[in-house]
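This report refers to the structure that appears directly beneath it.
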Amino acid sequence: MKKFRIIAIVTVLIAVLIPVAVSAGGVFYCSTSVTSGGSGSYYDPWACSTDAQLDIVINDRICDTYYGGYLYQIFPGSYRYRVITWYSAADCRVTYTADYTGYPPYTGVEVPVPLIIGVAAMVGTGMLVAGIALRRNKTAV
């Protein structure tokens with residue numbers, strides 16, 4: 001019974017830690033078809049339909065708030081990928097830019113990564129429990 005408790009506790013701890021580890025990142029989105037607002041996510045991108053808005057997104061939001069990151073500027077039918085590197089408070093700049101057709105990567109069907117990892121952990125835990133039960137039944141016979 002002690003093994004089951006340990007397995008259950010480890011599973012709960014892993015399930016609690018996964019969403020924090022996955023959500024930490026510096027990938028941001030802005031769209032030329034949005035005129036104002038946004039949160040920087042793919043489903044609610046920042047507005048960057050003018051050069052002034054793009055400058056605000058890069059300098060005020062990504063550089064000053066997040067200290068660099070990756071920006072996908074979405075156009076109708078294409079996107080521009082930018083790497084924004086933070087060196088110091090006075091030196092934060094775009095170090096790489098490339099244009100691509102289509103949609104940015106990892107923006108297809110929305111299946112949360114923590115859900116996939118959690119299901120895999122649950123299946124693995126179930127297999128461990130089944131193995132322990134089979135072993136216990138085999139030694140009892």
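A few points about this structure:
- Residues in segment 35-47 that are within 23 Å of Ala89 (Cα to Cα) and open to solvent by less than 60 Å² (accessible area, probe 1.4 Å): Gly40, Trp46.
- Answer residue from segment 73-126, given it is among the aliphatic types (A, V, I, L, M) and assigned to a strand (DSSP E or B) and is most open to solvent (accessible area, probe 1.4 Å) among those: Val94
- Within segment 1-34, the set of residues being surrounded by fewer than 12 Cβ atoms within 10 Å (Cβ to Cβ) and at pLDDT 80 or above comprises Ser33 only.
- Pairs with Cβ under 6 Å, 6+ apart, first in segment 85-105 and more than 16 Å from Val27 (Cα to Cα), second open to solvent by 50 Å² or more (accessible area, probe 1.4 Å) and of a type outside the set (A, V, I, L, M, F, W, C): Asp99/Arg80
- Residue list for segment 57-95, filter: within 19 Å of the chain's Cα centre (by Cα) and aromatic (Phe, Trp, Tyr): Tyr66, Tyr67, Tyr70, Tyr72, Tyr79, Tyr81
- Tally of residues being over 18 Å from Gly37 (Cβ atoms) and open to solvent by less than 90 Å² (accessible area, probe 1.4 Å) across segment 55-72: 3
- Where a residue in segment 128-139 is assigned to a helix (DSSP H, G or I) and its partner, wherever it lies, is exposed (fewer than 10 other Cβ atoms within 10 Å of the Cβ) and modelled with pLDDT of 85 or more, with Cβ under 7 Å and at least six apart: none
- Contacts under 9 angstrom Cβ, first residue in segment 29-41 being in contact (Cβ under 8 Å) with a residue 40 or more places away in the chain, partner part of a loop (DSSP other than H, G, I, E, B) and hydrophobic (A, V, I, L, M, F, W, C), 6 or more apart: Cys30/Cys48; Ser31/Cys48; Thr32/Cys48
- Restricting segment 24-47 to residues that are of a type in the set (A, V, I, L, M) and part of a loop (DSSP other than H, G, I, E, B), the residue that is nearest to the chain's Cα centre (by Cα): Ala24
- For first residues located in segment 48-67 and assigned to a helix (DSSP H, G or I), partners that are open to solvent by 20 Å² or more (accessible area, probe 1.4 Å) and aromatic (Phe, Trp, Tyr) and lie 6+ apart or on another chain with Cβ distances below 8 Å form the pairs Cys63/Trp86.
The values are calculated or read from the model by the stated rules, or taken from the named source; none is laboratory data. Note that the coordinates shown come from a computational prediction; the quantities given were computed from them, not determined experimentally. When we count neighbours, we look across all protein chains shown, and the Cβ atoms used for this are built from the backbone with ideal geometry, even at glycine. Side chains included, ligands, DNA and RNA excluded: accessible areas come from the protein's heavy atoms. Shrake-Rupley method; radii C 1.70, N 1.55, O 1.52, S 1.80 Å.
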